[in-house]
Amino acid sequence: MTQTESKVSTTVDFSVDGKHYGHLSIPHSRNDSGWGALHLPIVSIRNGDGPTLVLTGGNHGDEYEGPIALMKLARSLDAQEINGQVIVIPALNYPAVLAGQRVSPIDGVNMNRAFPGSRDGSVSSMIAHFVHQKILPLADAVLDIHSGGKTMMFSPFACYHRLVDTDLMEKAKQAVLAFAAPVSLELVELDAEGMLDTAVEDLGKIFISCELGGGGTTTTGTVSIAEVGARNLLAHFNIINEQPQSLEDRGLSPTRLMHMPDANCYVISNDAGIYEALIDLNSPVKAGDAVGQVHFPEKPELPPAVYRVERSGVLVGRAHKALVESGDFLALIAAEI
Ligand code: ZN
């Protein structure tokens with residue numbers, strides 16, 4: 001008989017009302033702990049049978065707005081003040097968060113390519129499998145908070161995907177507008193297979209994500225967008241009895257609706273060298289404009305390779321690291337809708 005039940009156990013009973021801090025226990029036998037397990041923190045806050053929102057951060061271990069905002073949110077919520085359930089996983093790739101790395105130091109796996117996971121897989125794969133089997137079925141909607149990590153920098157945006165299911169896409173778009181980031185982007189992924197995003201959408205549930213900054217750190221602004229955005233989603237889904245706080249309520253400019261008409265929105269390096277960005281985030285660009293250039297430190301006599309955009313729009317993402325290789329992401333252009 002094939003075993004399908006997860007090998008991961010949890011100290012939290014998600015069907016019980018109240019606020020419960022606990023952990024997932026993932027078997028992890030290793031040199032320094034023969035019968036050891038990895039304890040991954042999780043919080044359930046529940047009050048009756050209402051809508052359920054799952055909130056995740058630290059899907060990539062060097063992106064910090066999610067862990068910070070979600071730990072603060074979990075501490076601030078009282079079970080009595082909510083209707084339904086909030087499940088918070090502040091550090092989905094917990095070993096990666098503890099190591100300050102994008103991917104897990106245990107198995108080298110990118111959590112956002114590990115879904116739907118496998119019960120017999122590596123630690124990351126077992127985490128993904130448990131989340132897919134036990135957590136996502138409880139959810140009406142999932143917010144996964146990202147930023148650029150150590151290698152990328154984004155103009156803060158919340159995003160939904162262009163979906164064949166237009167009804168589900170519209171629900172995700174409305175949730176993104178409620179999140180209220182400076183940019184609301186209809187995103188096309190470079191490589192959607194294995195993502196938490198795709199796993200949630202394949203279950204017919206609402207998925208909201210964001211890219212809030214980067215460089216392996218946070219700013220007061222990016223943390224605030226995550227904190228207000230997560231709370232706005234609780235309000236949007238009627239889990240807390242509040243109105244979402246719009247950007248205008250906070251004295252800011254309204255969100256800019258943008259999309260990515262095709263794969264030409266990504267600028268990818270064909271060279272190895274030192275990347276010099278020639279324009280800053282949020283700058284408008286026209287097709288043919290140079291966004292950056294790669295210099296060749298071994299050959300000072302060579303001019304740099306200039307990278308031009310193939311479409312007009314706004315620069316919303318760029319390489320944060322300066323040393324690039326062929327195949328590395330350099331820039332992301334989005335177009336105003
Ligand atoms: Zn990420």
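Laboratory data are not the source of any read-out in this text; all were calculated from the coordinates shown. In this text the structure is predicted, and so the values were computed from the model without any measurement. Don't worry about glycine lacking a Cβ; one is built from the backbone with ideal geometry, like all the others, and counts go over all protein chains shown.
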| said: Counting C-alpha atoms alone, how compact is the stretch 149-222: give Rg to one decimal and Dmax as a whole number, in angstrom. | reply: 12.9, 37
| field | Computed FRET value (nearest 0.05) for residue 250 with residue 167, which takes r as the C-beta separation and R₀ as 25 Å | value | 0.25
| query | What nm value, rounded to one decimal, do you get for the distance between residue 257 and residue 280 when each label is placed 7 Å out toward the C-beta? | reply | 2.9 nm
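So for the stretch 197-249, considering every pair of alpha-carbon atoms, how many percent are separated by more than 16 Å?
In whole percent, the share of Cα-Cα pairs in the stretch 197-249 beyond 16 Å is 56.
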| note | At the level of C-alpha centres, the distance separating the stretch 205-231 and the stretch 267-337, in angstrom, is 24 Å
| note | Under a Gaussian network model of the chain whose springs join Cα atoms within less than 10 Å, the largest fluctuation of 19, 134, 205 belongs to 134
| task | Could you work out the equivalent-ellipsoid semi-axes for the stretch 1-47, taking the square root of 5 times each eigenvalue of the Cα gyration tensor, largest first, in whole Å? | result | 25, 16, 5
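Specify, per residue and in Å³, the volume enclosed by the convex hull of the alpha carbon atoms belonging to the stretch 98-239.
About 114 Å³ per residue, rounded to a whole number.
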| Rotationally averaged projected area of the stretch 211-337 (alpha carbon convex hull; nm²) | 9.7 nm²
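Starting from the coordinates of the alpha-carbon atoms of the chain, obtain the Kirkwood hydrodynamic radius over all distinct pairs and give the value in Å to one decimal. Write out the running numbers ahead of the final one.
Numbers: mean 1/r = 0.0483 Å⁻¹.
Computed over Cα pairs of the chain, the Kirkwood hydrodynamic radius comes out at 20.7 Å.
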| remark: Normalised Cα Rg of the stretch 1-117, dividing by 2.2 N^0.38 Å with N its residue count, works out at 1.14
| message | Which of 95, 300, 261 ends up with the largest GNM mean-square fluctuation for the chain, with Cα atoms connected below 10 Å? | response | 300
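State, as an integer percentage, the relative contact order of the chain based on alpha-carbon contacts under 8 Å between residues 6 or more apart.
Working: 861 pairs, mean separation 50.3, N = 337.
Relative contact order of the chain: 15 percent.
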| If you count, for each residue, the other Cβ atoms within 10 Å and average over each peptide, how do 137-144, 7-14, 211-218 line up from highest to lowest? | 211-218, 137-144, 7-14
| task | For the stretch 9-31 and the stretch 54-106, write down the distance between their C-alpha centroids in whole Å. | result | 14 Å
| Relative contact order of the stretch 1-108, defined on C-alpha pairs under 8 angstrom at six or more residues apart (%) | 25 percent
